[in-house]
1. Calculate the spin-label point distance for residue B:218 paired with residue B:512, positioning each point 7 Å from the Cα along the beta-carbon direction, and give it in nanometres.
2. Rounded to the nearest 0.05, what FRET efficiency do residue B:269 and residue A:179 give with R0 = 51 Å and r taken as the Cβ-Cβ distance? Could you check?
3. Separation between the residue B:493 and residue B:334 pseudo-spin-labels, each 7 Å from Cα along Cα→Cβ, expressed in nm?
4. How large a share of the accessible area of the protein assembly as shown, in percent, is made up of carbon and sulfur atoms when the probe is 1.4 Å and the other protein chains stay in place?
5. Could you grab the Rg to Rh ratio for chain B? Cα atoms only, Kirkwood for Rh.
6. Could you grab the relative contact order for segment A:132-196? Cα pairs under 8 Å, six or more apart, rounded to a whole percent.
7. At 0.36 nm per residue, and after removing the present C-alpha to C-alpha distance, how many nm does the segment from residue A:66 to residue A:22 gain when stretched out fully?
8. Using a probe radius of 1.4 Å on heavy atoms only, what accessible surface per residue do you get for chain B? Whole Å² is fine.
Amino acid sequence: MTARLEVRAVTTAFGGIRAVNDVSFTLDAGERLSIIGPNGAGKSTLLDGIAGKTPFTAGCVLLDGAVLPPNRPARHALAGIGRTFQRVEVFTSMTVAEHLLLTLRAAHGSPRLWRDLRRLTRQTKGEAEQINETLEALGLERDAATVVGTLGLGNCRRVEVARALIARPKVLLLDEVSSGLSTAESAALVATISALAMERQMSVIAIEHDLDVVRAIADRVLVMVQGSVIANGTYDAVMADPSVVEAYLGSNA
Amino acid sequence: MGVFLSYALPGIPSGCAVALLAIGLVLTYRTTGVLHFAFAGQAYIAGLIYAVMVRDGHGTAVAAIMAIAIASPIIGVVLDFALFSRITRATATARVVVSLVVLFVVEQVPSFVISSDTVYAPPPLLGSSATAFTISGTAVSTQSVGTVIVALVSACIVAVVVRFSRLGLEMRAAVESTRLLELSGVRARPVTSAAWAFSSLLAGLAGVLVAPTLVTVDPTSYWVLFIGGLTAAVIGGFARFGWVLGGAIGLTVAIAVLDGYLPQGTFFETVIGPGVPFVLLAALISFHPGMKALLAPTDPLAGVDPPLMTAVLTSRTSRVERGIGGAGWAAVVLGFLGIVVFVDPATVFTIATGVALATVLLSVTLVTGLSGQLSLCQVSLAGLGAFACGQLDARYHLGFYLGALLGGAIAGAFATLVALAAQRLRGLSVMLLTVAFALLCDQVIFPWTFVGGGYSGVSMPAVTLPGIAVTQSSRQVLVLGLVLFTCCGGIVNRLKRGSVGLFLVALRESEAGAAAVGVSPARVQVVTFATAGVLAGVGGAFYGSLQGIVSPASFNIEIGLLWLVAVCAIGVQSVAGALVAGIAVAFAAQPVTGGITLSDWALWLQIGLALAAITYAWHPEGVVEQARGATTTVTAALGRSRRQELRSTEVRA
Ligand SMILES: Nc1ncnc2c1ncn2[C@@H]1O[C@H](COP(=O)(O)OP(=O)(O)OP(=O)(O)O)[C@@H](O)[C@H]1O
Ligand SMILES: [Mg+2]
């Protein structure tokens, strides 16, 4: 059986720096992986690569056994990779509901020029239902008509998650989604994502600094230090690994 | 060999002047983040000062010092102080708009400072036409030698200053982040001023060096020089001075050689040859790896700035605003009805012309207003539409309506080509590509008799109406124009409110975010450019039909500049803005032949537009939207609108 996502010997170099150095791993459908590591370990760079945002210097990513074209983020999105960003990338003048509508519309690939001209692009009932459902799942229903530029960081993160989820991605990539949220809020968010991952067989890769969140969200943990994977296993196994302890104490000291 | 050299050698001195301009361009871009189109104008001014002073009996040395060492740096510093230092936080597009406004203004200034007679080429600053030495039978004048020496020495000085001096280091740091520079204890203002003075001096030097080689000292000659400089800057990826220098000289020589070898009087000589530089420029922009990333340098400290909120506050429409908008449009319609009934035919004609222009400007609304992409080729697309309509009528008697439709289709097809060529590009690089296309039309496609009709121009089919005899100044034609404008405006509005608009806003506000949900910038760019091309083509055909005869001069890039300045000033984000701008342009472009006088109100209108366009950097939404914003503030006081909540949250944030 092919894995849902396979990351194959991926390297990303910026000039002389190898931000990601020969990383390989696989992810099954519905599996939840957390990537941890000190600042500058290359976690975000790896995620950007998987999402097609930054090109790889070497290696490739396969979704359901098919190689994804490098450096084409829109194609990756349409192929079923949803994501959030470490520095939120929202559309400041759009409302929360419009963010979700945009995702639904974008699922068709090209802008619908002809339908626009015939005014057929007003929101349909089906779209409204999907939007409401997603907003409720994330506790954003009260903010549906709020302009995102006026929301706080925590809500912006939730908007990003909602925007990714409504496309029903096969793989969801989360970059420090709990930062900016209170403990209770992040617990609720993690619960929602976990439940959806079960229900939709959606795989999740979550970069996290908060170890409580890591324990709650992940079936498996991958530890990166200076671009390389130094450990890959269950939470308890990884935390017991001496090299991980050393890397963490080294960076925190 | 002798023949080759006789073609190649004369190219070297002008290549050197081009190189100076190019280095100035790169220097300004590197140190201040402004892609400064107005260098074309600044070089022109310097050349003009030199030529006029020498004509009026001053020595060449005095004139050169005045033009190069005094006037040019002062202009640079004044521009920095008055404009560019105040818009460092504006988008790259906004900064280019301001630079274009400066170009526009600078080219107008001489016509009222000195008399408007033609200024002929001055004698050279260094050397003369006396032969310095001869290579394989080709004489090289001392003037050429002087030019080359001056250019090379200046290029070396620039390289040394930028690479090794403290000032150079600070200038390079300033472009990364003026605030980081200040945090490290350097005052940033003097540094950017120095950068402006220095690069303006180079522009002035290029302007003076090239003046003696021209026939007359006029803006168009300097445009050509500037385009050479731009191409050289692209060759160097806006970064490497050595490549820029070599590129400028190599390019100029290559063009001179090509020009020499192409058989005289053939299609190759008249069309293909002159087209090479522009096609080359377009290809370089499309494929040069450095151009993909040619975006305004971003300040690492920009994250600490509050986001620019003006767009949010002015682009949301509540029900109240729609009501006001409706009332506004009703007033416009009533106004036009009044005009139709009461005003004299000449004014009706001007207004109809304005409405036709407004249709063309709707394409700017789509491309620049909605997708935030500056395009300088909308005027050329309008020209393509008009010429196609006229030529089709001349050959196949298709009449106005079918001709305009086909003209729109042809313009749309060309716009699609431009967008496809720009697929890999974003932002400023796309704009440069539109410049290359506009110039290709300007210098090559339109002058080609098959398209532009040669000296006599193309006579356009008149608008006909079933059962009514109409002339160009008939009131019915104005009504027809309004119908056309309303249809096209409706298209723009539907796109704006539909999914295309949603995609465009998303791309403008976060390209990464848009891509993450599957919006492909390249595809959206193609759709907007193509649609805008059709609008421009149809509008251009109607405009041409009103003019009766169109020639290449009706659609050159300078005219496009006036259009762009007007629509940016008045409102590039709305249909209403396009309408007002079109009418303003029609009045501002009233013939000003026979010398400009200060009592000429068309001139004042142009000045007003230019001044208003400068505010684009702070208010990209334009005057019309600002006025609408004012009306909504009033209504917000009446009922609590969402707008007011926005304001309060903004204050808290
Ligand atoms: N565009 C870029 N150009 C050059 N270097 C980069 C670029 N992006 C990231 N880097 C470098 O790559 C390394 C990895 O960065 P990355 O953002 O992936 O780390 P991270 O693990 O996500 O860290 P954090 O926990 O702080 O988010 C860092 O040294 C960073 O400076
Ligand atoms: Mg990161």
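1. Calculated label separation equals 5.0 nm.
2. Values: r = 66 Å, r/R0 = 1.29.
The pair residue B:269/residue A:179 has a calculated efficiency of 0.20.
3. 1.8 nm
4. Values: 23480 of 36900 Å².
Whole-percent figure for carbon plus sulfur exposure: 64.
5. Working: Rg = 25.3 Å, Rh = 25.9 Å.
Value, to two decimals: 0.97.
6. 36 percent
7. Numbers: separation 44, 0.36 × 44 = 15.84 nm, distance 1.97 nm.
The residue A:66-residue A:22 span can extend by a further 13.9 nm.
8. Details: 25960 Å² over 653 residues.
Here the per-residue accessible area is 40 Å².
The values are calculated or read from the model by the stated rules, or taken from the named source; none is laboratory data. Bear in mind the structure is a predicted one, so any value in this text is a computation, not a measurement. When we count neighbours, we look across all protein chains shown, and the Cβ atoms used for this are built from the backbone with ideal geometry, even at glycine. We work out accessible area using only protein heavy atoms, side chains counted, and drop any ligands, DNA or RNA first. Shrake-Rupley method; radii C 1.70, N 1.55, O 1.52, S 1.80 Å.
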